[in-house]
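The values are calculated or read from the model by the stated rules, or taken from the named source; none is laboratory data. In this text the structure is predicted, and so the values were computed from the model without any measurement. Because the Cβ atoms are built from the backbone with ideal geometry, glycine has one as well, and the counts that use them run over all protein chains shown.
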Amino acid sequence: MLRKYLFFDLDGTLTDPMEGITRSVEYALRHFGIEVADRRELCPFIGPPLADSFRERYGMDDADTAAAIAKMREYFVPKGIFENELYPGIPELLADTAAAGCANVMATSKPEPFARRIAEHFDIARHFRLIAGSALDGARTTKTEVIRHALAQLGIAPEEAVMIGDRRYDIEGAAATGLDSVAVGWGYAAPGELEAARPGHFAADVDALRKLLLGTDTFRPKKAVIRKI
């Protein structure tokens, strides 16, 4: 067992939220008269805090950023949140790590109420000791802040946990809080992004991640589990 407490990112690690997030961002941008030719251009919004993405990619000030996030949630909350799917093998992985005595923790920059709805929708909430996310009021937004919040909620030391994610924000957040880290080979990292972040470990696929976390032989489910909405 790599660590007892396994901190999992959500978007791009446990689920593929591309359709819901890009449609939600597209909806928000139209409010400002911005049209996007290909929604795949909006994939960089998957992972980092939304406010940072709107500021950095579209030069929005604080007022416009707040308005963009509010417009995005008009689409995301009733519909986009479920335009999402689990990556194959993730439900089995979470069940196996929990059965092995690990404490699964979700640590996501997505607002905590939304993360919980997604976990309950896909019936994986039961595998988590804690679901920790950002605060809707903006008081807790970065991955570093979310990890610190989760550590405090659990009352554990950083060396007891490992952060698992698909973007540099996961790896950098782990480094800033003293956690070990695992970068995964799926998700939405740009070329070279994870290598530059220097994770403690790398798992190319879910089988490799399972072996790394549990020290067991690779596992392949007989049938991949993907739930599309």
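Please go through region 28-42 and give me each residue that is part of a helix (DSSP H, G or I) and touching a helix residue (DSSP H, G or I) at 6+ places or on another chain (Cβ under 6 Å), ordered by number.
Scanning region 28-42 gives 28, 31, 39, 42.
Table: residues versus (1) surrounded by 17 or more Cβ atoms within 10 Å (Cβ to Cβ); (2) within 16 Å of residue 19 (Cβ to Cβ); (3) outside the structural domain of residue 179 (by TED's automatic domain parsing).
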| residue | (1), (2), (3) |
| --- | --- |
| 32 | no, no, yes |
| 60 | yes, no, yes |
| 63 | no, no, yes |
| 72 | yes, yes, yes |
| 89 | yes, no, no |
| 95 | no, no, no |
| 109 | yes, no, no |
| 120 | no, no, no |
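Has region 164-180 got at least one residue that is of a type in the set (S, T, N, Q), at pLDDT 95 or above and not in a helix (DSSP H, G or I)?
no
How many residues, within region 117-151, are among the charged types (D, E, K, R) and within 21 Å of residue 45 (Cβ to Cβ)?
Of the residues in region 117-151, 5 are among the charged types (D, E, K, R) and within 21 Å of residue 45 (Cβ to Cβ).
Return the pairs, sorted by first residue and then second, in which the second residue is in a helix (DSSP H, G or I) and of a type in the set (Val, Ile, Thr), the first residue lies in region 152-170 and is without any contact (Cβ under 8 Å) to a residue 24 or more places away in the chain, the beta carbons are less than 6 Å apart, and the residues are 6+ apart or on different chains.
What qualifies is 158/177.
Would you check which residues across region 133-153 are small (Gly, Ala, Ser), over 16 Å from the mean Cα position of the chain (by Cα) and in a loop (DSSP other than H, G, I, E, B) and list them?
Hits for region 133-153 are 138, 139.
Regarding residue 156, is this residue part of a loop (DSSP other than H, G, I, E, B), in the same structural domain as residue 206 (by TED's automatic domain parsing) and of a type in the set (A, V, I, L, M)?
Here the answer is yes, as residue 156 does meet what is asked.
Against the conditions (1) in a helix (DSSP H, G or I); (2) of a type in the set (D, E, K, R); (3) over 30 Å from residue 160 (Cβ atoms), where does residue 52 fall short? Just the number, please.
With respect to (1) in a helix (DSSP H, G or I); (2) of a type in the set (D, E, K, R); (3) over 30 Å from residue 160 (Cβ atoms), residue 52 is out only on (3).
Across region 39-58, what is the number of residues that are buried (at least 18 other Cβ atoms within 10 Å of the Cβ) and without any contact (Cβ under 8 Å) to a residue 60 or more places away in the chain?
The number of residues fulfilling the criteria is 5.
Going through region 17-30 one residue at a time, which ones are within 28 Å of residue 179 (Cα to Cα) and either surrounded by fewer than 22 Cβ atoms within 10 Å (Cβ to Cβ) or touching a Ser or Thr at 6+ places or on another chain (Cβ under 9 Å) (or both)?
18, the sole residue that qualifies.
Can you tell which of 152, 183, 203 is of a type outside the set (S, T, N, Q), touching a helix residue (DSSP H, G or I) at 6+ places or on another chain (Cβ under 8 Å) and surrounded by fewer than 20 Cβ atoms within 10 Å (Cβ to Cβ)?
203
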